[in-house]
Amino acid sequence: MSNSLWTETFPSSRCYYLDFEGSDHRPLLSILETHLKKKKGIFRYDRNMKDNPEITTIVEKAWNLSLEASVEQRIGSCRKSISKWNLEHHSNAQKEIQEEKRKLELAMSSPTEDQALIATINNNLSSAYQKEEAYWHQRSRTLWLALGDRNSGYFHAATRGRRTINKLAIIEDSNGISVYKSLIAEPSPSEIKAALFSINPDKAPGPDGFSAGFFQTNWSVMGPKITEEVKEIFEASIIPSSLNRTHVRLIPKTPSPKALTE
C-alpha cells in the first residue's frame, strides 16, 4: 500500500511477487528508485505550426537548402530546423493561457475596466486555448489505436486458414480484362497528390516524426521534388530501404506488462 506522496518520492519504483518459500506468504521485492528515468525525446511535428508564417518560411528554406538533396535529406533538414526553432521559442500554450488569465484578472479588477483591453486579452486567451486544443488533438491516440486495432484484427482474420483461396493471381476489371499494367504504370502528378491528400492529416507519423498533414500543408514547396522521386521509384522498380522504415508499436493488454504476450 502506498499513497501519492510515496509515488512522487519513488517515481521509477517497481514491485515483484516472489515464489512461495516455506510459507503461505509470498515475499514482495520492492526496488526503489528516486530518479525518474528520462527517455530521449522523439520529434513530432505539431500541426499547430501549419498556420505559423515563420515556420512556413523555415520549412521552405530547409527544403530548398540544396538542389542535389534527396527527399529524405530534405525532410531531415526540415526536422532539424523545426526542432531548433522549438528550442529557441519554447512554445508552450499552457504558459500562455495562464499569462493571459492573469492579465484578464488584472484588467477586470481595475477601476477603469478598459473594455478594449479586456476584449484584446479575451481574443488572445481564445487563441491560446485553440493552440492547446490542437496540440492535444494531434497527440490523441484514439484515431491511431482504433485504426491500428482494426487493421491488425482484419489481417489476423484474413490469414487464418484457406490461404490459397485468398491468393491474388490476377486482377480484372468489370469486362474481364487484366488491369495489371495499369497497377504498375507510372502515376501522374495529380494521382500522387491525390494519394497523399487522401490520408488523414492527423494519422500517426512515421519515424521521421511528420504526419501527412505536414506534407499536405507544404505541398506547394515539396510537391515537385516528391513527385519526381516517386516517378523515379516506379521507373527503377526499386524502393529505397530507408523509405520503408516504420514504427511497430506494442500496445499493452494488461497493466505493467512484462512479456510480449501481454
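Here are the numbers:
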{"read-out": "Single match in E72, E96 (criterion: free of Cβ contacts under 8 Å to residues at least 40 places away in the same chain, surrounded by 11 or more Cβ atoms within 10 Å (Cβ to Cβ), closer than 30 Å to M222 by Cβ and in contact with a Leu (Cβ under 9 Å, 6 or more places away or on another chain))", "value": "E96"}
{"read-out": "Enumeration of residues in the range 121-131 that are surrounded by fewer than 16 Cβ atoms within 10 Å (Cβ to Cβ) and more than 10 Å from L104 (Cβ to Cβ)", "value": "N123, S126, S127, Y129, Q130"}
{"read-out": "Filter pass, N64 being modelled with pLDDT under 75 and assigned by TED's automatic domain parsing to the domain that holds I233", "value": "no"}
{"read-out": "Close pairs from the range 1-28: first within 16 Å of S256 (Cα to Cα) and outside any loop (DSSP other than H, G, I, E, B), partner at pLDDT 70 or above and basic (K, R), Cβ under 7 Å, at least 6 apart", "value": "Y17/R26"}
{"read-out": "The range 1-33: number of residues that are at pLDDT below 70 and surrounded by 10 or more Cβ atoms within 10 Å (Cβ to Cβ)", "value": "1"}
{"read-out": "Hits in the range 210-255 (condition: of a type in the set (G, A, S), in contact (Cβ under 8 Å) with a residue 60 or more places away in the chain and in a loop (DSSP other than H, G, I, E, B))", "value": "S211"}
{"read-out": "Residue within the range 197-207 that is assigned by TED's automatic domain parsing to the domain that holds K80, part of a helix (DSSP H, G or I) and not β-branched (V, I, T) present", "value": "yes"}
{"read-out": "Out of S81, S91, sole residue that is in contact with a helix residue (DSSP H, G or I) (Cβ under 9 Å, 6 or more places away or on another chain), surrounded by 11 or more Cβ atoms within 10 Å (Cβ to Cβ) and modelled with pLDDT under 70", "value": "S91"}
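The values are calculated or read from the model by the stated rules, or taken from the named source; none is laboratory data. Being a predicted model, the structure only gives us computed values, none of them experimental. Don't worry about glycine lacking a Cβ; one is built from the backbone with ideal geometry, like all the others, and counts go over all protein chains shown.
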